[in-house]
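A quick write-up on the structure given underneath.
The values are calculated or read from the model by the stated rules, or taken from the named source; none is laboratory data. These numbers were taken from a predicted model, which means no experiment stands behind them. Glycine also receives a Cβ, built like all others from the backbone with ideal geometry; neighbour counts cover every protein chain displayed. All accessible areas refer to the heavy atoms of the entire protein, side chains included, with ligands and DNA or RNA removed. Shrake-Rupley method; radii C 1.70, N 1.55, O 1.52, S 1.80 Å.
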Amino acid sequence: MDSAFKKSLLFSDMTDEEIRDCLICSGSEIITYEKDAPIFFQQDKPQKLFVLVEGSVAVCRDSVAGKRNIITTVSSPGDLFGEVFLFLNKNEYDNYAVAVNEARVLQMPKDFLYRSCSKNCRYHTMLISNMLLILAQKAYYLNQKLQIISSSTLRQKISKILIQHASEDGTVRLNMNREELADFLNVARPSLSRELMKMQEEGLLQIEKSKFKILNLIVLQNEL
């Protein structure tokens, strides 16, 4: 059994046998995508649940001017994407997904998530229950992002995202490079880089590539 399935909340509390039976019963399949390959387009009709097995995927939307805005980056094996649209009365996605690097993605048919089978299989009931929990967590995550991007200044946006992802020792590891972080915050990359350098020069942060260390949490909290 692929370790990604054991890590996924979708298969939480299921045995290896139950996960295997669930995949077979649902008619799921794993598809490999090359780097930059599209997984779904905005005009596609939502028909599949996507579960990352390996690699990373960016879920994006383009502005009228053509600028890419990264809604989220999926990089942890077992994470889902595109699931919200399966339960909305919409005929197409509002965004699109591309492979950031070579990625393997499990695709599960939508119909399997809507009702339990005639056998009342335990794994099928658990799958639907787990799906409800995931949707609740997704709503919470989107609320957090809204709090970040609605901030009035770039420094407030940076401070909020760093505090949200900080460990107890103040270390922050974001699953985004600098360009992806700028897209997530909906700002220009040069502006983001300049503000980060200012915060480092002021002794608020220590920056090493995509790793951050909060040096003065009180001042960052006062920025909010």
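Consider E92 carefully, then state whether it is without any contact (Cβ under 8 Å) to a residue 60 or more places away in the chain, farther than 21 Å from E179 by Cα and either among the hydroxyl-bearing types (S, T, Y) or out of contact with any helix residue (DSSP H, G or I) (no Cβ under 7 Å at 6 or more places or on another chain) (or both). Write out each step before concluding.
Values: without any contact (Cβ under 8 Å) to a residue 60 or more places away in the chain: yes; farther than 21 Å from E179 by Cα: yes; either among the hydroxyl-bearing types (S, T, Y) or out of contact with any helix residue (DSSP H, G or I) (no Cβ under 7 Å at 6 or more places or on another chain) (or both): yes.
For E92, the condition - without any contact (Cβ under 8 Å) to a residue 60 or more places away in the chain, farther than 21 Å from E179 by Cα and either among the hydroxyl-bearing types (S, T, Y) or out of contact with any helix residue (DSSP H, G or I) (no Cβ under 7 Å at 6 or more places or on another chain) (or both) - is met.
Just checking, how many residues over the range 43-72 are open to solvent by 30 Å² or more (accessible area, probe 1.4 Å) and in contact with a Ser or Thr (Cβ under 7 Å, 6 or more places away or on another chain)?
1
In the range 47-77, what residues are among the hydrophobic types (A, V, I, L, M, F, W, C), in contact (Cβ under 8 Å) with a residue 12 or more places away in the chain and more than 13 Å from D94 (Cα to Cα)? I'd like the intermediate steps shown before the answer.
The first filter runs over the range 47-77 and keeps only residues among the hydrophobic types (A, V, I, L, M, F, W, C), leaving 49-53, 57-60, 64-65, 70-71, 74.
Then keep just the ones that are in contact (Cβ under 8 Å) with a residue 12 or more places away in the chain; that gives 49-53, 57-60, 70-71, 74.
Selection gives L49, F50, V51, L52, V53, V57, A58, V74.
Just give me the residues in the range 95-148 being in contact with a Phe, Trp or Tyr (Cβ under 7 Å, 6 or more places away or on another chain) and aromatic (F, W, Y), in sequence order.
Y96
Take I19 and decide whether it is within 16 Å of P77 (Cβ to Cβ), among the hydrophobic types (A, V, I, L, M, F, W, C), in contact (Cβ under 8 Å) with a residue 40 or more places away in the chain and surrounded by 17 or more Cβ atoms within 10 Å (Cβ to Cβ).
yes
Select from the range 55-65 the residues that are of a type in the set (G, A, S) and within 14 Å of the chain's Cα centre (by Cα) and list them in ascending order.
If the condition is that a residue be of a type in the set (G, A, S) and within 14 Å of the chain's Cα centre (by Cα), then G55, S56, A58 are the ones that fit.
Is there any pair linking a residue in the range 127-147 that is farther than 21 Å from H165 by Cα to one that is modelled with pLDDT under 85, with Cβ under 7 Å and at least six apart or on different chains, and which?
I128/S116
For the range 29-42, give me each residue that is in a strand (DSSP E or B) and either surrounded by fewer than 18 Cβ atoms within 10 Å (Cβ to Cβ) or of a type in the set (D, E) (or both).
Once the filter is applied, which keeps residues that are in a strand (DSSP E or B) and either surrounded by fewer than 18 Cβ atoms within 10 Å (Cβ to Cβ) or of a type in the set (D, E) (or both), the range 29-42 yields E29, I30, I31, T32, P38.
Kindly provide the set of residues from the range 74-105 that are in a loop (DSSP other than H, G, I, E, B) and within 25 Å of S3 (Cα to Cα), ordered by number.
Within the range 74-105, S75, S76, P77, G78, D79, G82, E83, V100, N101, E102 qualify.
Yes/no matrix, rows are residues, columns are (1) under 19 Å from the mean Cα position of the chain (by Cα); (2) assigned to a strand (DSSP E or B); (3) among the basic types (K, R):
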position: F5; (1), (2), (3): yes, no, no
position: C25; (1), (2), (3): no, no, no
position: D44; (1), (2), (3): no, no, no
position: F50; (1), (2), (3): yes, yes, no
position: V53; (1), (2), (3): yes, yes, no
position: T72; (1), (2), (3): yes, yes, no
